[in-house]
Amino acid sequence: MSREPINHPAFPVPAYAGDPNNGPVRPNSGMGIRDYFAAAALSALASDKQAGEPEVVAETAYAFADAMLEERHYTPRK
């Protein structure tokens, strides 16, 4: 089963007050959280000289990001 990954803004920017065309967060207000998690994983993966081809490393980074999003979704917040 394929699903669209959750990719809310990692660092949301509040909308300008008084602008009825914007919701509480401006759309496309920066890097998505999936991309942020992938970048964090990528920095560790890229430091391994035997990590493999860049395409494989990038795919692995997004696999880590997707796992983080799944865990974040299912773990209750305290």
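All of the numbers you see were taken from the coordinates with simple rules; none came from a lab. Worth saying up front: this structure is predicted, and the values here are computed from it rather than measured. Positions of Cβ are generated from backbone atoms using ideal geometry, with glycine treated the same way; all protein chains shown enter the neighbour counts.
With r defined as the distance between the Cβ atoms of Y74 and A44 and R0 fixed at 30 Å, what FRET efficiency is calculated, to the nearest 0.05?
E(calc), rounded to 0.05, equals 0.80.
Per residue of the range 48-57, in order, report the coupling 6.51 cos²θ - 1.76 cosθ + 1.60 (Karplus, θ = phi - 60°) as ³J(HN,Hα) in whole Hz, putting x for Gly and Pro.
With coefficients 6.51, -1.76 and 1.60, one gets 7, 5, 10, 5, x, 5, x, 4, 5, 5 Hz.
Can you work out ³J(HN,Hα) from phi for every residue in the range 59-64, in order, using Karplus 6.51 cos²θ - 1.76 cosθ + 1.60 and θ = phi - 60°, giving whole Hz and x for Gly and Pro?
4, 5, 4, 6, 5, 4
Can you give me the long-range amide H partners of G32? Hydrogens built in the peptide plane at 1.01 Å from N, cutoff under 5 Å, separation of 5 or more residues or another chain.
Here the answer is A10, since their amide H atoms fall under 5 Å of that of G32.
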